[in-house]
Each structure stands twice: as structure tokens, then as C-alpha cells.
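The values are calculated or read from the model by the stated rules, or taken from the named source; none is laboratory data. Please read these numbers as outputs of a predicted model, since none were measured by experiment. Heads up, the Cβs are rebuilt from the backbone with ideal geometry, glycines too, and the neighbour counts pull from every protein chain shown.
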């Protein structure tokens, strides 16, 4: 039915636990990095680095982890933060980046702020 | 409270920096072409989306012959417009338009799955797949419309169109008052996907500015 990967990918999430925020027919991105990370995931899966469904399962799991957390000390809900967590896991699972390389990404702000 | 917001700001900045770093690393390793992100998102931002539907409706408001063709033979009418290449692909087959007015209000639902005319309406809203919306849209469309803020006069007939794999409906809403001097682009800017599903009206520009003020 869907001939474009982009539409297949988006439609697979609609009405599901990983459904992305949207407004008036468009994706709702509050910040530029949210658009960037969404586009990264779509683009890498389209290029064949991982199955979109594998990413989606990681996203659903990442959302469930937030929901299962304790209220106290829980960071504010942020869909794209969960999305980013899922993308990083998917990239390591698929062998696109090593765990060491990903640890380097996670350390970026700490070192920049130091 | 100030501390709480400070924390959020820091988290935002960290996420933004890390996404940039990840993208840079992927480009450096040759995994990602530098324009790939814009290319895939461009599909939703410039090829298939509600901007197409808004242009079609604005044209129908300005050109009665086009409006008639749109109702009689929707694909032919759409093909006559210079819309983005590829917009008539996924889910765009067999689109059909119905017009509000003349004592009729149209509502689009899908009781079976989530058939939706993506090329003209973009991404469906989160409640479109909701079983309650789908069931109540059929059983009590007037009540559903009232909850959406669209009270339909008793003498106005409500028609409910059930999209399917064969036909994907969209609504040509009524042109609001106070728009006589507006261009096609200005009119298109007033038209929302919700109005093209029948769950909203297109407000006249003067009433919009009043409600905002």
C-alpha cells in the first residue's frame, strides 16, 4: 500500500505506544534537535542500517522504561529523549557504532560544559 | 522551581549537543550523507502534506468549474494542478472530495483501519485511530461534532463518509465570510486538515483575530 519508506515508517507508529507528536497534519518538533534525531532515524533505516521495526521495538521499550520509573526524581516526559535513547541502542545493536563510540557521544555535553 | 527549569534547559542543551555529535560522527564514518535528514523529512514537509489539500480547497473556492470537477472526478482535478511530484503516491489512490454547504455537513472517518488521504491531509491526528471516535462518529456524528466545537444546525444534514482502501475521502469546507479579496495563497493559509476532515470549520479571518485578541 505504501510505496514510500517515509510513509510506511510513520504510519507504522500511528495509534501505537510509540506514536510521535503531531499537529495539524505535520510532525510536531519543539526544538531543532528533535527534527534532526527523527530524520536521522528515518534516514539510517531507509539506507538499510537497521530494520525500522527493530528501532520501533527499542522505542516502545524506552518509553515503557520511563513509564515504569518512580515519580520522584523522574525526569520530565520527553518523547524525543526516549526516541534518542532508542536510536542509540539500535545503532549499537546493529553494529553501526560501537558501545565505546556511543559512550563518547553521551560524554559530549559533560566535557563541553567542564 | 527555578532549579527545575534550569535542569530542563541543561537537559535540552545536552540532547541537542549529543544529537549534533552523533550526526557528525555518522557523516565522518561515511554512514550518512550530509543532506539525508532533510531529504527524508522533505517528504512530509514539501511533497505529501496538508499544504496540498489547502491549495486544492482554495482553488475550489475561487473557481466553481474546478470545484465541480473536484467533486465529479477528484483525481482528474488534482492532476490538473501543479502539485509536488510524487504527492499522489502512497495512500493517494482513489481520493474523493465532498463539499460542505447547501444544507450538508460532511464528516470523514474510517471504521475499518486508518485509511487516510496522506498526500492532501498529511499525518492523521492521534485520535483518528481511536476506536471510540470511530464508533461514535458513525452512531452519533452530531454529538461528536459538537464536542469538536462544530455545532450543526438541526436542518443541516450530516453525511458520514467511511474511508476504505478503495476510496479516501476529504472535505471541501465552506468558504468563510470576509475572504472576498483574498488570494489563493491567503485562502490556503486559512485551511486546516481538521477542516478537511469535517471536524472543524474554517473561521473567517476577522473572527480569528477577534478570538486571539
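Here are some notes:
- Residues that are more than 13 Å from the chain's Cα centre (by Cα) and surrounded by 14 or more Cβ atoms within 10 Å (Cβ to Cβ) within region A:51-87 comprise just one, A:66.
- Hits in region B:44-83 - residues which are part of a helix (DSSP H, G or I), in contact (Cβ under 8 Å) with a residue 24 or more places away in the chain and facing chain A (nearest Cβ under 9 Å): B:44, B:47, B:50, B:51, B:53
- Residues of region A:75-114 classified as within 12 Å of another protein chain (Cβ to nearest Cβ), modelled with pLDDT under 80 and over 28 Å from residue A:49 (Cα atoms), total: 6
- When B:137, B:149, B:103 are checked against the criterion of being over 25 Å from residue B:81 (Cβ atoms) and touching a helix residue (DSSP H, G or I) at 6+ places or on another chain (Cβ under 6 Å), B:137 stands alone in meeting it.
- From B:158, B:144, B:152, B:120, residue being surrounded by 14 or more Cβ atoms within 10 Å (Cβ to Cβ), in the same structural domain as residue B:196 (by TED's automatic domain parsing) and in a loop (DSSP other than H, G, I, E, B): B:152
- Among the criteria (1) farther than 23 Å from residue B:10 by Cα; (2) touching a helix residue (DSSP H, G or I) at 6+ places or on another chain (Cβ under 7 Å); (3) more than 7 Å from chain B (Cβ to nearest Cβ); (4) not in a helix (DSSP H, G or I), the one residue A:41 does not fulfil is (4).
- Qualifying residue in region B:115-130 (condition: more than 11 Å from every other protein chain (Cβ to nearest Cβ) and either over 15 Å from the mean Cα position of the chain (by Cα) or under 18 Å from residue B:167 (Cα atoms) (or both)): no
- When B:77, B:60, B:99, B:65 are screened for being at pLDDT 95 or above, surrounded by 20 or more Cβ atoms within 10 Å (Cβ to Cβ) and within 30 Å of residue B:181 (Cα to Cα), only B:60 passes.
- Between B:173, B:125, B:193, B:131, the distinction of being more than 28 Å from residue B:68 (Cα to Cα) and touching a residue at least 60 places away in the same chain (Cβ under 8 Å) belongs to B:125 only.
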